[in-house]
1. Which one of these is surrounded by fewer than 16 Cβ atoms within 10 Å (Cβ to Cβ), of a type in the set (Gly, Ala, Ser) and out of contact with any Asp or Glu (no Cβ under 7 Å at 6 or more places or on another chain): Ala556, Ala543, Ala533?
2. Looking at this structure, is Gly326 over 21 Å from Lys153 (Cβ atoms) and either in contact with an Asp or Glu (Cβ under 9 Å, 6 or more places away or on another chain) or not assigned by TED's automatic domain parsing to the domain that holds Leu295 (or both)?
3. Within the stretch 53-64, can you find the residues that are of a type outside the set (S, T, N, Q) and more than 14 Å from Ile4 (Cα to Cα)?
4. Cβ-Cβ distance below 7 Å, separation of 6 or more or different chains: which pairs start in the stretch 85-112 with a residue that is more than 23 Å from Leu459 (Cβ to Cβ) and end on one that is assigned to a helix (DSSP H, G or I) and among the polar types (S, T, N, Q)?
5. Which of (1) among the hydrophobic types (A, V, I, L, M, F, W, C); (2) under 30 Å from Lys302 (Cβ atoms); (3) touching a helix residue (DSSP H, G or I) at 6+ places or on another chain (Cβ under 6 Å) does Ala76 not meet, given it meets every other one?
6. Among the residues of the stretch 678-699, write down those that are at pLDDT 90 or above and either more than 35 Å from the chain's Cα centre (by Cα) or not assigned by TED's automatic domain parsing to the domain that holds Arg507 (or both).
7. Any idea how many residues of the stretch 718-762 are closer than 17 Å to Glu478 by Cα and not in a helix (DSSP H, G or I)?
8. For the subset of the stretch 392-427 comprising residues that are in contact with a strand residue (DSSP E or B) (Cβ under 9 Å, 6 or more places away or on another chain) and of a type outside the set (A, V, I, L, M, F, W, C), which member is farthest from Glu324 (Cα to Cα)?
Amino acid sequence: METIHITHNPFLIETEFLINGQAPAAGSKINAFSKKRLQLWVEQIFDELVELFNGCKQFQVEFKGVQADFEDVKEAAEKATAKGLEIELSYTLVEGAQERLTKITEFMTRLRYESEKFASYLEQSDQNAKKDFEEALDNDFDAYVVATMSSGKSTFINALLGQDLLPAANQATTATIAKIYDDKEVGDTFIGERFDRTGQLVEKVEEVDREILQKWNSDKETKTIELHGNIRAVKENANIRLVLTDTPGPNNAQDAEHQRTTLGYIQDSARNPLIVYVLNATQLGINDDQQLLRLVADTMEKGGKQSRDRFLFVINKMDEFDPEKGESVEKALENVKAYLEKNGIVDPIMYPVSARMAYLLRRQGSLTRSERNDKACMADLLLEEPSMAMPQYMRVSSSVRQAMEDKAKNDPALVDATLAEALLNSGITGVEAVIDEYIAKYSFPMRLNRAHLAMKAALEEGLQEAELNKQLDMNEKELEQLKAQIQDLMQRREQGFNTAAYQETLRTERPDLPGEVQVQLDEAEARVLQHIADLGRTYKGEASESEASAKLDRSAQDIQFEFNRVINEYERAFKRSQELTKERLHEEYLQQVKALFPDSSSLNLPAFKVLKKSIDDFSLNIELHSNEIQTKDVVVDSYTVSDFTWWKPWTWGDTRTVEVKEEQSYVDLHDLWKTRVINIRSQFSTLKSGAIERIESDIQKLVDNYLAFLDNEFAPKFNALLADLEHKIEHTEERKEAIARAEEEIAEIEGIKRELDSILQI
């Protein structure tokens, strides 16, 4: 039996593997896992071990890490065992992410306000480091609730809130995006704010209710709604604030931009936000959600375990099945699984619930007669019929199972143990416990990692400055030599960075469209063309005018969905193109700095080496900002908004218009499609052309920003750094003071780094 030790640090994203006490060989595939998050390799590790040991299937695995990661290792081991491996699994658990996040947040806050030097390092660090620092301190966690109509989405959210707040069973509920912020200080009511299309606050109500929200939803000027109040399903936690977003129904949104926004939440594989997808167990497929599910399937397939973990399939309205009538819950869930798998979602993890029952149990205030009757009937069903206890159908870890039981038992809205059991059997606390697990597994470690990187970047800049001053502790001969080298450096800089020829070359020979991005665009286009071809094959035979119009209407919705999906993919291509272009420009910058410091034995003074490192580390602030995006004002109904879009609106035309000759009573669908498909393909071709134009424009702007950086930021920083050095060389007392301060600062920085490491090490 082979012995495998795995020590995984999710905060630094580091893994140490020991194979029979030895590090893996240099060429081992397992080494590639050492700098990746566990969820990206855990499902492959046992296959790699079998290959490494030429088919050996007996392993003793000792894991050291946090609870959430161990649960994933355990699940992978169970799957490997089912395939014939023999695995003995033991573990050593370390302090979890939440406890460490509390420590590092307190540490960061203390440093920021008590250490003037650290605050100055952070202020001088690049924009990305400051952004990471702020986001690490931000405790908002987004969970997006997605569903088509009649799924009971509003009832599900109301069950989490413990209030009859969101309007239910009303198409108007899908008209806007509603963000619900957990705020325990508000009390038992919710503050409501309504924003228009320009993002301006147009109305605020201190105690909002369902009637007000229904009115806001139906107002065409409403773009978004924000609610602040106590989400009862969530305990107070200094490290996290849940933000529930009620998304518009993707096939019923009154605003096309809302559909694109909803699709964007699903497609966001960079931030990986949690998606709670609510399905109606009693009406599968009738709401035309296949497109949305296939988008989910594509997104899940592209990533690792996190890409699957972030989609929670909540199967609602389970209380509508009655075992006494021969209706099997297990059979119903098999049907849901088959439906999801038919739409490309392999082995889905489902969470059956009765949102209606959970809502009635948690509802604050009096219930109507009808609600009291529903509550009594559902309580009898969930408590007396063993097959109606929903947690038994959930594939969750032992820690989640314990958490869901604790949530039901300690729910503040319930004082009766029997009702607590009914709440547990409703399945709602299972969903809440899984959300908690996702936060612990992904959100907390990610924030710790960002905090670490931000602090490290700020400290490294401070360390460079202090090290440079420390190196000024040299004799007169060395000081004169350094002074001469600085003069030579100034001349080389004038002949390099500052020449008009260099800048003109960069401006005219801008980087090409990155190959990776070109592939991304081509793949999106190929999929669209295939989709159009598949849709065209359904246009055959004859149909009445009304049937043809209905078919065109469905096709219009289908193509609109694909149009919005592609826009989001192109938006990601923009970001990736910018990242790659910035990497190329940074490499260009480093090459130019290298040219300023030619290899020479006469340039080996430690101070000169540190000087080069300092210039290497200048922050290239060349990001594209919103004010660089060309905008235009457009009139929407009765008010004016700024249009930031790079694409033209979908203009397929009036798809419902069907030309029928007087003597005919039917429409030839093939001919009908032929008259439409050219325009459809043209629309998507124009979309791709617009995307390429935008990418090339962004690349040019980044080059322009880089050249502006050389003139406006690099030159002043460079000159100030060298002038400061020359000044200290000339003034002995100031140099001595700088050396003494540098030693103190280096000691302070090293102390901060040690304390930071102690928080993150496992």
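The values are calculated or read from the model by the stated rules, or taken from the named source; none is laboratory data. Keep in mind that this is a model prediction, so the values were computed, not measured. Using ideal geometry, Cβ is built from the backbone for each residue, glycine included, and neighbour counts are taken over all protein chains shown.
1. Values: Ala556 fails: surrounded by fewer than 16 Cβ atoms within 10 Å (Cβ to Cβ); Ala543 fails: surrounded by fewer than 16 Cβ atoms within 10 Å (Cβ to Cβ).
Matching residue, one of Ala556, Ala543, Ala533: Ala533.
2. Details: over 21 Å from Lys153 (Cβ atoms): yes; either in contact with an Asp or Glu (Cβ under 9 Å, 6 or more places away or on another chain) or not assigned by TED's automatic domain parsing to the domain that holds Leu295 (or both): no.
Considered against the rule, which asks whether it is over 21 Å from Lys153 (Cβ atoms) and either in contact with an Asp or Glu (Cβ under 9 Å, 6 or more places away or on another chain) or not assigned by TED's automatic domain parsing to the domain that holds Leu295 (or both), Gly326 comes out as no.
3. Residues of the stretch 53-64 of a type outside the set (S, T, N, Q): 53, 55-57, 59, 61-64.
Within the stretch 53-64, Gly55 is the sole residue that qualifies.
4. Ile87/Thr81; Leu93/Gln67; Gly96/Gln67
5. Going through (1) among the hydrophobic types (A, V, I, L, M, F, W, C); (2) under 30 Å from Lys302 (Cβ atoms); (3) touching a helix residue (DSSP H, G or I) at 6+ places or on another chain (Cβ under 6 Å) one by one, Ala76 breaks only (3).
6. Selection gives nothing.
7. 1
8. Restricting to residues being in contact with a strand residue (DSSP E or B) (Cβ under 9 Å, 6 or more places away or on another chain) and of a type outside the set (A, V, I, L, M, F, W, C), the top hit is Arg395.
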